[in-house]
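The values are calculated or read from the model by the stated rules, or taken from the named source; none is laboratory data. Owing to the predicted nature of the structure, the values given are computational and were not obtained by experimental measurement. Methodologically, a virtual Cβ is constructed for each residue, glycine included, from the backbone with ideal geometry; neighbour enumeration extends over all protein chains shown. Accessible surface is based on the protein model in full, side chains and every heavy atom, while ligands, DNA and RNA are left aside. Shrake-Rupley method; radii C 1.70, N 1.55, O 1.52, S 1.80 Å.
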Amino acid sequence: MRTWTRTHWFLAMLFLVVIGLEYSTPSPYVFGYLYIGAVLLASVRLGHRETLWVTGIAVGLTLLNLWIPGVEPIRPITLANRTITVLALIVTAWLSDRIQQYEAAMLRQQVQLATQTQLAKVREDFVSTLTHDLKTPLLGALETLKAFQSGQFGAITPAQQRAIAIMNRSHCMTLQLVETLMDVYRNDMEGLHLQRTVVDLTKLAEDVILQLTPLATSRQIHLCLRQRDSDFRQAYCVNADAFQLQRVFNNLLTNAINHSPRGRKVEISITLKNNDYLVQILDEGQGIPEHDLPHLFERFYQGHDDRQAKGSGLGLYLSRQIIVAHGGKIWAEQRSPQGAIFAFCLPLDS
């Protein structure tokens, strides 16, 4: 309230000074430009409504000086000068008001951005803590199941063995999901730190095929690796993080197996194209709707189609993080006549 009173007293004094100058001199002498200071002060210290009032009074006093004190006749040059002064006052008020609006909008955006950043940090801290706390009981449950399988709690029947095996696989999948979630948030916050060595993509693909053969067999899926049109193995070496690239192969190949009908084939193709190594995972499933293709590698995106398997939406997002960290590119596309292709390329000098 104290600031508002001082501002109004200062405006009143400023108007009195300018009025004294205006009305004590002949009308050809224009001092109305000094009202610009009052307009700017009102715009900065007061509000939109007060700025309009100050501008209107300044314009009125500037034009009124044409007739008061009325000592000299009104000449065209005098009228032109007064008109230009009035336009200057109006333009100043409009620009000042726009600037104040822009500053207010920027302040709101900064506050909103700060709030969103704080919420994102709280969310990430919550997820990090939650995933860490989930990992401990899962590891304990897996150890307990191993103890049951080894007979430490007494003999178990074949039916119990099968039930324990199912529970073990379920806990392993949950643990893998928790670790993936932890890695995704860690990569988003700290970036992905690569441990680069010379990696043979062919050998890496063969190792992943060997690991996923039991899953493929259970779904009656045939896995194969080809290089161009030849069955002979050729080394494709790249300077990369072997563990992280293995995760990419594992994610993409598991995705292809889960989305393929029984009795079909999933292929891994590795070729040299231009200055990149091109890796493609080709399945014979239902394919991917066009509207889903741009969003497949977003975090938690699962798509809206009725494909056979649904995941967490993290595997492809993590794969993109890894490939981008290697300086490569990853994408998906439709396969003709049926199926999908998930592909990534790595530069030769990565």
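Yes/no per residue for (1) in contact with a helix residue (DSSP H, G or I) (Cβ under 9 Å, 6 or more places away or on another chain); (2) assigned to a loop (DSSP other than H, G, I, E, B); (3) at pLDDT below 75; (4) open to solvent by 80 Å² or more (accessible area, probe 1.4 Å):
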{"position": "Gln161", "(1), (2), (3), (4)": "yes, no, no, no"}
{"position": "Arg169", "(1), (2), (3), (4)": "no, no, no, yes"}
{"position": "Gln176", "(1), (2), (3), (4)": "no, no, yes, yes"}
{"position": "Arg186", "(1), (2), (3), (4)": "yes, no, yes, yes"}
*Has segment 302-325 got any residue that is modelled with pLDDT of 80 or more, over 19 Å from Gln244 (Cα atoms) and assigned to a loop (DSSP other than H, G, I, E, B)?*
no
*In segment 19-34, how many are in contact (Cβ under 8 Å) with a residue 40 or more places away in the chain and among the β-branched types (Val, Ile, Thr)?*
2
*Output the qualifying pairs, or none if there are none: Cβ atoms under 6 angstrom, residues six or more apart or on different chains, first residue in segment 35-59 and free of Cβ contacts under 8 Å to residues at least 24 places away in the same chain and part of a helix (DSSP H, G or I), second residue open to solvent by less than 40 Å² (accessible area, probe 1.4 Å) and of a type in the set (Gly, Ala, Ser).*
Glu50/Ala42
*How many residues does segment 333-350 contain that are buried (at least 21 other Cβ atoms within 10 Å of the Cβ) and closer than 14 Å to Gly287 by Cα?*
3
*Filter segment 24-70 down to the residues that are touching a Gly at 6+ places or on another chain (Cβ under 8 Å) and surrounded by 22 or more Cβ atoms within 10 Å (Cβ to Cβ), then identify the one that is farthest from Asn81 (Cα to Cα).*
Ala58
_So the check is Cβ under 8 Å with 6+ separation or different chains; which pairs have a first residue in segment 204-217 that's free of Cβ contacts under 8 Å to residues at least 60 places away in the same chain and within 16 Å of Asp283 (Cα to Cα) and a second one that's buried (at least 19 other Cβ atoms within 10 Å of the Cβ) and hydroxyl-bearing (Ser, Thr, Tyr)?_
Leu212/Thr254; Leu215/Thr254
_Scope segment 67-80; condition out of contact with any Ser or Thr (no Cβ under 6 Å at 6 or more places or on another chain) and closer than 14 Å to Gly32 by Cβ; matching residues_ = Ile68, Leu79, Ala80
